[in-house]
């Protein structure tokens, strides 16, 4: 459906629409994936924080149990109780236990005789004599052990221990969204943190002392956890963190607030949490609806001494506090992506204009040419493919115009064309004569250089003798030294010129290129300038021999290697490779460095005599020219590839010895050249 529509619109609109679709699809996909990753990361961090908070809540809860356990254990530690207690002793005991109860913030503290009947209660001092051996912790204490746990006490049991606890335990059940259906309207029993310890009576009998704190409407633990973990942190005037203690599925102690701003005591846990925690005994870690909002929550069961689940410990953090962060991140990302999208579309609009406008001009020019107007030319102001197309178009038009003109002139002035061709031949002959003249000048320059060498040697010798006889503090000593330096530089230039023009007949023998390279490296790689150069040899072990002069080849390799080291400023990698090009039967040598490279505008001149990129006084410009001449005399080829700031690679290709033997003509030329 889309492709037929695109075929009917302009190229410019087609490019913009297609690019916008691709960019928009990619942006939406990236935004979606980024949103998912951001959400997952933020919620995972929130879950980890909630788990840490749960560990803190459990620690506070267990610390409270431990405190109660220590309180009952130390209350009568080291004291023996008489089986028959006098009224005075009983009053003293009551005062002592009441003091212990108040100091340790216990709701009740009760002394039990070895037969399980109560002897002393605080604060309810009047009701004693009932049997409390039905309590599991009392049974444990009567056996001589100390223990603490969470237990459920009925309204009647609370009435016996402390009548005030009956009112505190009473909670009216509030209908709660997503809670399990129930017909119960109030709760009168209480969940108590209970501790019991053995007490020694006379005749070696063991009684018990137990005490506890009612959790119904007791907010000390949840507030303590909230202070430690959340430190009053809020989001939109709403507490971020919440802590709750449940009796079964009923909130009996919490800092979760209702819409009215009161503690949500009497509300119930959601059905899903009750099913997992209360019935299956599992830990719940997930998002949960708490009273009137969603929280990232963790629930853990609270068990009594017998292992029965009697309640739940809960911590949670407000989900929207984290989702708001996610939303801000995602919206920011989408905003930036949208701005980028529109900017790119605008840029695309401008770019396509630069593409379609010259194409339109070419179309107009084509229409003019079809009408016979060969004088029409497209203005070329671009250097890209379209510019090349326009240039080629102009060249084509010019060629057509020229061909038409030539045909007309050929028909009318054949004699003039012959004259022009004759003049071209004469010009070519002049070039040949000029080339021969340049060769003669080269030989003359070599002779003159040879003649200059002798006076230069004399200048160098006599200058050196003058310098030796001159005192160290002579002010002219520096000038004489400069004369010597410049004379030696002239000598090196003349020497290179002579070597470049010399036609010596060298020895011809079978040469192993790998051996020549190894010998060359052994001569120079111990020098100081190689200390920070990593030399890597990648030699072909099956490399065939070549016909040539090993000393001249050694000069070639040494010259290129030293140039490479200088180009690397004596720090870098030098890689030397050899391999056999079996297709052309050539021995190839590659010398690669990681140096500064050669600019493209200079690379065609590096083999010219006296051309150098080195500083004045550090090179004559003959080294590569001489090396090129030696390789050429060996019937070989030498080339170079270079990238500025990355390095340079010199490639030398010389025919293998078998190839040289088979080609007698090439071999004869090589011997004659050497």
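Here's the yes/no breakdown for (1) touching a helix residue (DSSP H, G or I) at 6+ places or on another chain (Cβ under 8 Å); (2) at pLDDT below 80:
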position	(1), (2)
291	no, yes
311	no, no
318	no, no
330	yes, yes
339	no, no
343	no, no
346	no, yes
349	yes, yes
363	no, yes
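Going by the structure shown, is residue 57 assigned by TED's automatic domain parsing to the domain that holds residue 317, surrounded by 13 or more Cβ atoms within 10 Å (Cβ to Cβ), touching a helix residue (DSSP H, G or I) at 6+ places or on another chain (Cβ under 6 Å) and at pLDDT below 90? Criteria not met by residue 57. Total residues in segment 120-140 satisfying the condition of being touching a helix residue (DSSP H, G or I) at 6+ places or on another chain (Cβ under 8 Å) and not in a loop (DSSP other than H, G, I, E, B): the figure is 3.
Number of residues in segment 508-550 that are over 46 Å from the mean Cα position of the chain (by Cα) and at pLDDT below 85 equals 1. Before we move on, is residue 199 farther than 30 Å from residue 267 by Cα, assigned to a strand (DSSP E or B) and either in the same structural domain as residue 267 (by TED's automatic domain parsing) or more than 60 Å from the chain's Cα centre (by Cα) (or both)? Yes: the conditions hold for residue 199. Selection within segment 224-234: residues that are surrounded by 14 or more Cβ atoms within 10 Å (Cβ to Cβ) and not in a loop (DSSP other than H, G, I, E, B). The member of this set that is modelled with the lowest pLDDT is 229. Can you spot a residue in segment 263-275 that is at pLDDT below 90, surrounded by fewer than 20 Cβ atoms within 10 Å (Cβ to Cβ) and under 30 Å from residue 143 (Cα atoms)? No: zero hits.
The values are calculated or read from the model by the stated rules, or taken from the named source; none is laboratory data. Model, not experiment: these values are computed from the prediction. Cβ sites come from the backbone with ideal geometry, for glycine too, and all protein chains shown count toward neighbours.
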